Every structure is written in structure tokens, then in C-alpha cells.
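Have a look at the structure below before the remarks.
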Amino acid sequence: MLRFLRLLRLAVWRAFQHDAFSIAKASAYSSILTFFPALLVVGSVLATWRKGAPYMQEITYALSRILPAGTTTAMNFLRGAAQRPVGLLVSASLLTLWTASGVMISWMEGF
């Protein structure tokens, strides 16, 4: 047990020396910024697809289990069947690609 604690302390110290915690923070931040525009694009594509209703139900159920209470904006967006402007979807797609590249850059820097 003492050997494990010594190795754990050494691992935490080396992670601190190599700035692993800030790399993980940058990756998590970029992942959050990637998730919601991707949700917008996927939800809009599934809403226009005639066979997309079962997939929308599954995504809505999963999000209701994951997202904290009081965040009904994302759920209402997915449930709404209104047409989305094409410019909004294109800009959300570009934003998703840009922030996803930030996640990949953070991971490459970490590894």
C-alpha cells in the first residue's frame, strides 16, 4: 500500500510538472464548446429526416438523463420541428469543426 501511495504521489507530481492538468482543462473546455453546436446540427438533420423520430427520442432521453435539471432549452430545441435556417446550420457546423480541432490539438499536446 505504501508503494502504491508513493507511486501515486510521484505520478501527480510529474503530471503537475508536465502541465497535464491545464491540457486536460483545455480539452474539456473545447469538448463542451464542441458538444452544443454538434447537438444543434444533429438535431436539425434528424428533424428533417422522415425516419429520424426514433433517433430523436433516444437522443432526447439520453440528454434528459445527462443534463442538469433546469436546462430545458436544449430539450425544447430538439423537440421543436421548426425549420432551421441553412446559414445557422452551416455556421454551427463550422464552429463544431473548429472547436473539435481544438480538442484534437489539446490531446496531441498531452500525448
Worksheet, complete the sentence: A careful count of residues in segment 53-91 that are modelled with pLDDT of 80 or more and either basic (Lys, Arg) or not in a helix (DSSP H, G or I) (or both) gives 1
Item to complete: Just need a number here: residues in segment 49-60 that are open to solvent by 40 Å² or more (accessible area, probe 1.4 Å) and touching a residue at least 12 places away in the same chain (Cβ under 8 Å).
Response: 1
Worksheet, complete the sentence: Picking from 16, 36, the residue that is open to solvent by 40 Å² or more (accessible area, probe 1.4 Å) and at pLDDT 85 or above would be 16
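The values are calculated or read from the model by the stated rules, or taken from the named source; none is laboratory data. As the structure is a prediction and not an experimental result, all values here were calculated from the model. A quick note on method: Cβ atoms are made from the backbone with ideal geometry, for glycine too, and the neighbour counts reach across all protein chains shown. Heads up: the accessible areas ignore ligands, DNA and RNA and are worked out on the full protein's heavy atoms, side chains in. Shrake-Rupley method; radii C 1.70, N 1.55, O 1.52, S 1.80 Å.
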